[in-house]
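Each remark here refers to the structure printed beneath this line.
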Amino acid sequence: MEGHPLALHDVMFIPALVAQASDEQNKKWLRRAQRREIVGCYAQTELGHGSNLRKLETTATYDVSTQEFVLHTPQITSLKWWPGGLGKSSNYAVVVANMIVKEKHLGPHSFLVQLRDEITHQSLKGITVGDIGPKLSFNAIDNGFLGFDNYRIPRTNLLMRHSRVEPDGTYVKPPHAKINYSAMVRVRSHMATGQGNFLAQALTIAVRYSTVRRQGFIESGEQEVKVLDYQTQQHRLFPSIAKAYAFTFAGYETIRLYEQLLKEVDTGNVSLMADLHALTSGLKSVVTHQTAQGIEQARMACGGHGYSQASYISEIFGVAVGGCTYEGENMVMLLQLARYLVKSVEQIKAGESGKLGPLVAYLAVKVDGVDLEKGVEEYMKAFQHVSRLQTWKASEKFLKLLKSGEKREVAWNKSSVELTRASRLHTRLYIAETFKRSVQEVADPRLKEVLTDLLHLHVNYELLDMATYALEDGFLSSSQLDYVRDQLYFYLAKIRPNAVSLVDSWEFSDMQLRSVLGRRDGNVYENLVAWAKASPLNKTDVLPSVEKYLKPMMNSKL
Ligand SMILES: CCCCCCCCCCCCCCC/C=C/C(=O)SCCNC(=O)CCNC(=O)[C@H](O)C(C)(C)COP(=O)(O)OP(=O)(O)OC[C@H]1O[C@@H](n2cnc3c(N)ncnc32)[C@H](O)[C@@H]1OP(=O)(O)O
Ligand SMILES: Cc1cc2nc3c(=O)[nH]c(=O)nc-3n(C[C@H](O)[C@H](O)[C@H](O)COP(=O)(O)OP(=O)(O)OC[C@H]3O[C@@H](n4cnc5c(N)ncnc54)[C@H](O)[C@@H]3O)c2cc1C
């Protein structure tokens, strides 16, 4: 859970080689990396810049006389800062640097760079490298810093699957300007399943514990109830169970799309890139934010014991919440999706709705109302409506400012809160639709019934959560919202008997969960006592600090 020093080797270093190195280069490097003869990381972010990649300061200047690139970090803010596994473990890195050839700045490109001696592991001359120190979490990963002092690498270490620099310095452009960002798109494509998994772990702990913990009464005179029987507890946990499933389904789809993209790019077809970038930018942002919220609710649902490290939920939270920042800060990524949404609106206004991709086609189709009692399809129409409403509103605001003479960037900034709202709603629609499609495809009727209950819970919870948008233009009436509320409570109660099976179906072992509260056998109290007794403070009855500090204080006559 805390990560491990080779995580980035598998998650980004190897995928960057696969996607960006040529076949010839990979004959040299990939097999060695896969056999872990060399250990690598992905070094892009700098002390001064992470989000704005065009302003990365590390330069790779081509020296035609020696056919080498000279890597250099000219000032303190140019140091690479944050890359996982960089500090101590890696001896190689895929380094993203601004490439300069014949004095022309050609933007960020990826290079394979050796950092440490393969035998002694000592850092090489011209390289400064180390660990950035303790973090909120993820402390088993050595996130690092890296500086270059005119460090030379061969020309052939530029990853050349899509763009090339010939020996004489001729630059061959990639088929798409952002193709070098593929390692990030890959991780973003995997994040929905990864985050769904974090959420699932926290929920397994909280749901299991909630069937062990008894506190208070629902009907007087009865035995104290399992806290999971309280409607508030169910409302705290069950919508997140639905989300963990929904995120996993959405993630399967984006992983498949990424694999498809890789194949298409190899045949020169880059048409999927913009769609996948927009989709994964929104998805990573919404999923990480909602996962962090869901995990924190799971912790609070465990009361005081949730705050103990014995719950392990705080560690899961610390790791998961990092996802709101890494692979693109969430606001920045929501604004990337917003660019795509605004462009879609501009297309519709220009009478080109036919050109819209399938995920945004709904933006052109107005619906006057819905009959929610007819089922999930009507909820989808309601989600489409609120997303369309907000997307148009935000886009119109931006376009109006533009028309009034504001500079594009200023108009964008003044509309950005509204734009991020549109991106979230669009992404939540996508999550609901993939959830619906995935449940429809389930063959086993008993499984399908339980998942359908979760889907119903999800759509009711979501619609209620975005109700202000739907009420704003009278699309939904307050009596329709009463219906949604009733449905929500109905499904909370319906899911209760299956709640433990739903979390057990994720099959986390006790070793994986590392939680005293979430133990499969339910023996929470005995093990909490044993866990407390094992605390380092309990190794001796009287601590040395008693003689050193407490006694002098207690005996002082002052
Ligand atoms: C098994 C798999 C993994 C499982 C993961 C599960 C979790 C498990 C945990 C494991 C360990 C944890 C790992 C943590 C690892 C973390 C790694 C990192 O964080 S790496 C660094 C990540 N950094 C970023 O994400 C930086 C964010 N910034 C950007 O991406 C860009 O700067 C930007 C997109 C914000 C802007 O880019 P820029 O070049 O400046 O764009 P322009 O303004 O010039 O142009 C915008 C234009 O380009 C299009 N665009 C941008 N990016 C892409 C892309 N990737 N693909 C396609 N198109 C792209 C964009 O849409 C715009 O198009 P336009 O038509 O002009 O609107
Ligand atoms: C756990 C962890 C692991 C990481 N691993 C790696 C790794 O392996 N390799 C690597 O290269 N990097 C890694 N990073 C770095 C990470 O990718 C960056 O921190 C991230 O992309 C955010 O960039 P930043 O730090 O520059 O944030 P900033 O951009 O400085 O964000 C600060 C604030 O400014 C806002 N902001 C910035 N730009 C805009 C804008 N255009 N519009 C509106 N608001 C804006 C943001 O929303 C945010 O609120 C890791 C980070 C973490 C936390």
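Screening residue 138 with (1) hydrophobic (A, V, I, L, M, F, W, C); (2) within 30 Å of residue 239 (Cβ to Cβ); (3) away from ligand 1 (no atom under 12 Å from the Cβ); (4) touching a residue at least 12 places away in the same chain (Cβ under 8 Å) gives one miss only, at (3).
Just to check your reading of the model, which residue among 485, 437, 496 is at pLDDT 95 or above, farther than 30 Å from residue 227 by Cα, assigned by TED's automatic domain parsing to the domain that holds residue 280 and of a type in the set (Lys, Arg)?
Step by step, each of 485, 437, 496 is checked, and only 437 is at pLDDT 95 or above, farther than 30 Å from residue 227 by Cα, assigned by TED's automatic domain parsing to the domain that holds residue 280 and of a type in the set (Lys, Arg).
Table: residues versus (1) surrounded by fewer than 17 Cβ atoms within 10 Å (Cβ to Cβ); (2) more than 21 Å from residue 283 (Cβ to Cβ); (3) of a type in the set (D, E, K, R).
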{"position": "369", "(1), (2), (3)": "yes, yes, no"}
{"position": "373", "(1), (2), (3)": "yes, yes, yes"}
{"position": "396", "(1), (2), (3)": "yes, yes, yes"}
{"position": "408", "(1), (2), (3)": "yes, yes, yes"}
{"position": "413", "(1), (2), (3)": "yes, yes, no"}
{"position": "426", "(1), (2), (3)": "no, no, no"}
{"position": "436", "(1), (2), (3)": "no, no, yes"}
{"position": "441", "(1), (2), (3)": "yes, no, yes"}
{"position": "445", "(1), (2), (3)": "yes, yes, no"}
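Can you confirm whether region 350-373 contains a residue that is within 16 Å of ligand 2 (Cβ to nearest atom), among the basic types (Lys, Arg), closer than 24 Å to residue 472 by Cβ and free of Cβ contacts under 8 Å to residues at least 24 places away in the same chain? So far as region 350-373 goes, no, none of its residues is within 16 Å of ligand 2 (Cβ to nearest atom), among the basic types (Lys, Arg), closer than 24 Å to residue 472 by Cβ and free of Cβ contacts under 8 Å to residues at least 24 places away in the same chain.
Would you mind finding the one in 16, 33 that is under 17 Å from residue 188 (Cβ atoms), of a type in the set (Gly, Ala, Ser), within 16 Å of ligand 1 (Cβ to nearest atom) and in the same structural domain as residue 94 (by TED's automatic domain parsing)? It is 16. Within region 139-178, can you find the residues that are surrounded by fewer than 18 Cβ atoms within 10 Å (Cβ to Cβ) and among the acidic types (Asp, Glu)? Within region 139-178, 149, 166, 168 qualify. Taken over region 527-545, residues that are surrounded by 11 or more Cβ atoms within 10 Å (Cβ to Cβ) and either within 35 Å of the chain's Cα centre (by Cα) or of a type in the set (D, E, K, R) (or both) amount to 4.
For region 438-471, a tally of residues being without any contact (Cβ under 8 Å) to a residue 40 or more places away in the chain, assigned to a helix (DSSP H, G or I) and of a type in the set (D, E, K, R) returns 4. Of the residues 124, 136, the single one that is within 30 Å of residue 312 (Cα to Cα) and surrounded by fewer than 16 Cβ atoms within 10 Å (Cβ to Cβ) is 136. Summed over region 226-284, the residues that are in a loop (DSSP other than H, G, I, E, B) and at pLDDT below 95 give a count of 5. Residue-level check: of (1) surrounded by fewer than 18 Cβ atoms within 10 Å (Cβ to Cβ); (2) part of a helix (DSSP H, G or I); (3) assigned by TED's automatic domain parsing to the domain that holds residue 430, residue 474 misses just (2). Checking 213, 256 one by one, the residue that is of a type outside the set (Asp, Glu) and loosely packed, with under 12 Cβ neighbours inside 10 Å is 256 and no other. Please indicate, with yes or no, whether at least one residue in region 325-345 is of a type outside the set (A, V, I, L, M, F, W, C), over 30 Å from residue 234 (Cα atoms), within 15 Å of ligand 2 (Cβ to nearest atom) and assigned to a helix (DSSP H, G or I). Yes, the conditions are met somewhere in region 325-345.
The criterion of being modelled with pLDDT of 95 or more and either within 16 Å of ligand 1 (Cβ to nearest atom) or more than 19 Å from residue 510 (Cα to Cα) (or both) does not hold for residue 221.
The values are calculated or read from the model by the stated rules, or taken from the named source; none is laboratory data. All figures in this text were calculated on a predicted structure; none of them were measured in a lab. Cβ atoms come from the backbone with ideal geometry, glycine included; neighbour counts cover every protein chain shown.
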